[in-house]
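What follows is one structure encoded as structure tokens, with my remarks underneath.
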Amino acid sequence: MTALVETGRFKVGDVVRVRTSPTFPTVNPRTPPYALGHVGKVIKAYGVIVNPQDHHQPYEPLYTLEFDAAQIWGPHASHVVVAEVHDEWLELFAQ
């Protein structure tokens, strides 16, 4: 793996969109359906996740994202939603 893949493409503070499908086929079931297509901010970057107990290769870099709940649940939501999403589901959001 290259250093870019090991640390991830995004850094804390980056604004990203959760793709509606991954950039390549994946068996990773972690992406929450309610986040698909929504824009969030990276609040934590974990890098590559090694979990040999349930996966024979390291997972793509993992990030914790924060979303404005109103974009997910509607205009009456006044809180934030936090979700962890792997790199292959994310794209940089051009503001």
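The values are calculated or read from the model by the stated rules, or taken from the named source; none is laboratory data. Only a predicted model underlies this, so the values are computations on that prediction, with no experimental measurement involved. Cβ coordinates were reconstructed from backbone atoms using ideal geometry, including for glycine residues, and neighbour counts include every protein chain displayed.
Summary of computed values
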{"item": "Whichever residue in the range 36-94 is outside any strand (DSSP E or B) and within 17 Å of VAL12 (Cβ to Cβ) and, among such residues, is farthest from the chain's Cα centre (by Cα)", "result": "PHE93"}
{"item": "Boolean, GLY74 is at positive phi, modelled with pLDDT of 85 or more, loosely packed, with under 13 Cβ neighbours inside 10 Å and not acidic (Asp, Glu)", "result": "yes"}
{"item": "The range 63-95: number of residues that are of a type in the set (A, V, I, L, M, F, W, C) and free of Cβ contacts under 8 Å to residues at least 40 places away in the same chain", "result": "9"}
{"item": "Residue pairs meeting the criteria (Cβ under 7 Å; at least 6 apart or on separate chains; first over 15 Å from LYS44 (Cβ atoms), in the range 6-27; second among the β-branched types (Val, Ile, Thr))", "result": "GLU6/VAL48; ARG17/VAL39; VAL18/THR31; VAL18/VAL85"}
